[in-house]
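Student: Have a look at this one before I ask anything.
The values are calculated or read from the model by the stated rules, or taken from the named source; none is laboratory data. All values derive from a computational prediction rather than experimental measurement. Positions of Cβ are generated from backbone atoms using ideal geometry, with glycine treated the same way; all protein chains shown enter the neighbour counts. Only protein heavy atoms, including side chains, enter the accessible area calculation; ligands, DNA and RNA are left aside. Shrake-Rupley method; radii C 1.70, N 1.55, O 1.52, S 1.80 Å.
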Amino acid sequence: MKLTSIIPALDLHYFTILLVAGLYCPVWGEITSLDVGSIDDTLNNAGVALVNFYADWCRFSQMLHPIFEEASNVVREDYPDNKDVVFARVDCDQHSEIAQRYRISKYPTLKLFRNGMMMKREYRGQRSVAAIADFIRQQKVQPIMEMKSLEELTAIDRNKRTIVGYFEQKESENYQTFEKVANILRDDCVFMASFGDVSKPERFSGDNMIYKPMGENVPDMVYLGSLTNFDLTFAWTQDKCVPLVREITFENGEELTEEGIPFLILFHQKDDPGSLEKFQHEVARQLISEKGSINFLHADCEKFRHPLLHIQKTPADCPVIAIDSFRHMYVLPEYSDLAVPGKLKQFVLDLHSGKLHREFHHGPDPTDSTPGQEDNNEVASNPPESSFQKLAPSETRYTLLRDRDEL
């Protein structure tokens, strides 16, 4: 009898006890070991692949091995096709070039792939057989809701981003592309589709898809590219489904922190959509060129009281705009500065130039002083330490690589 049938939610602690006591000898699953020569072919031909990036010397990697093996056995019973779901592993010491390619910064890291494409969200859940198996089952759930009538569109939740596709037939190449995109972006958008006679009123120019943004009165947007071109379809859909300004929560904080770029955060009350709309507008207008060098985020004042206290603010002071550089937190003097042309962009540029850090420690830059009034007295200060750095991966779950070059 398999251990998972006895203890379905077995975690690292109990697994370790059993292994040390010699009470459990794991049944090794079909784990594919990947190297430079095999990784692309294996992942490109797998519907879903979960890859364990590990190092033999890492104790957390050693603890995960039997759990990962047993989870593969459980999943294999549900998905016997070897190309439907693949469990694989990469020895990062032996294949450092692969580790560098996928920016592995901690061991063990479990990354999810779909048809060869690495998903942005890695597996960060409980390290148990049941949890990993359930995660894979969730990835195999059909992400597209089929509409039996177009009237169903009137009931969609306008608090979520929705992509709707209209197709003549489900077996078409157009729908295959749509389905592939939906599988990749399933966590970012709701996907719906209709076929044949149901979709006919919307197919006056052929198969097509539209984006329904959040908000009751926001107009729909039509995709004008080729549905058979995956790259174009994916790029358009990703642009619509992944907002420029994302919400940070305790659930995704580790993921966002691990991206390694500073945060520009609006702290706002949940019942204050106006401040968020203004912030989103100004970020899109002033800072689109900075995308990739800083993360644009918004946070619930009530949930993130602790970071606010660090910058001597409370929820009563919201909305508040701040930068967390992962060393210190810097506050835009006034939320009303958002309306001053170029002020928000200069705030970000001052971070990149080091000006914010210098001024926190030494007072205003000499270049900002009034001519004739300069003096040699530097005004030191105590900049608040980063709060969001604490949401980074835990050292009790991972072996963290301090210098990524050591890969």
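Student: Can you tell me which of (1) open to solvent by less than 50 Å² (accessible area, probe 1.4 Å); (2) modelled with pLDDT under 95; (3) more than 21 Å from D187 (Cβ to Cβ) is the one T249 doesn't meet?
Tutor: Failing condition for T249: (3).
Student: Right, next: Looking only at the stretch 56-95, filter to residues that are among the polar types (S, T, N, Q) and more than 16 Å from T399 (Cα to Cα); which one of those is least open to solvent (accessible area, probe 1.4 Å)?
Tutor: Per the criteria, the residue is S72.
Student: Would you call R103 basic (K, R), assigned to a helix (DSSP H, G or I), in contact (Cβ under 8 Å) with a residue 24 or more places away in the chain and open to solvent by 10 Å² or more (accessible area, probe 1.4 Å)? Outline the logic, then answer.
Tutor: On the way: basic (K, R): yes; assigned to a helix (DSSP H, G or I): no; in contact (Cβ under 8 Å) with a residue 24 or more places away in the chain: yes; open to solvent by 10 Å² or more (accessible area, probe 1.4 Å): yes.
In short, no.
Student: If a residue must be of a type outside the set (S, T, Y), assigned to a helix (DSSP H, G or I) and farther than 27 Å from K111 by Cα, how many such residues does the stretch 234-278 contain?
Tutor: 5
Student: Looking only at the stretch 147-165, decide whether some residue is within 20 Å of A49 (Cβ to Cβ), surrounded by 15 or more Cβ atoms within 10 Å (Cβ to Cβ) and within 17 Å of the chain's Cα centre (by Cα).
Tutor: No - not one qualifying residue is present in the stretch 147-165.
Student: Something else: In the stretch 301-332, what residues are of a type in the set (A, V, I, L, M, F, W, C) and open to solvent by 50 Å² or more (accessible area, probe 1.4 Å)? Break it down into steps so the answer makes sense when it comes.
Tutor: Step one: of the stretch 301-332, the residues of a type in the set (A, V, I, L, M, F, W, C) are 301, 304, 308-309, 311, 316, 318, 320-323, 326, 329, 331-332.
Matches in the stretch 301-332: L309, A316.
Student: Counting just the residues of the stretch 124-136 that are farther than 12 Å from R397 by Cβ and not small (G, A, S), which one comes out farthest from the chain's Cα centre (by Cα)?
Tutor: Once the filter is applied, the top-ranked residue is V129.
Student: If you don't mind, there's one more thing I want to ask. If the Cβ limit is 7 Å and pairs must be 6+ apart or interchain, which residue in the stretch 150-178 that is within 18 Å of F204 (Cβ to Cβ) pairs with which residue that is charged (D, E, K, R) and open to solvent by less than 30 Å² (accessible area, probe 1.4 Å)?
Tutor: Correct list of pairs: V164/K212.
Student: For the stretch 321-337, how many residues are of a type in the set (G, A, S) and part of a helix (DSSP H, G or I)?
Tutor: Residues meeting the conditions: 1.
Student: So which residues in the stretch 213-237 are in contact with a helix residue (DSSP H, G or I) (Cβ under 8 Å, 6 or more places away or on another chain) and touching a residue at least 40 places away in the same chain (Cβ under 8 Å), if there are any at all?
Tutor: P213, L227, T228, N229, F230, T233, F234, T237
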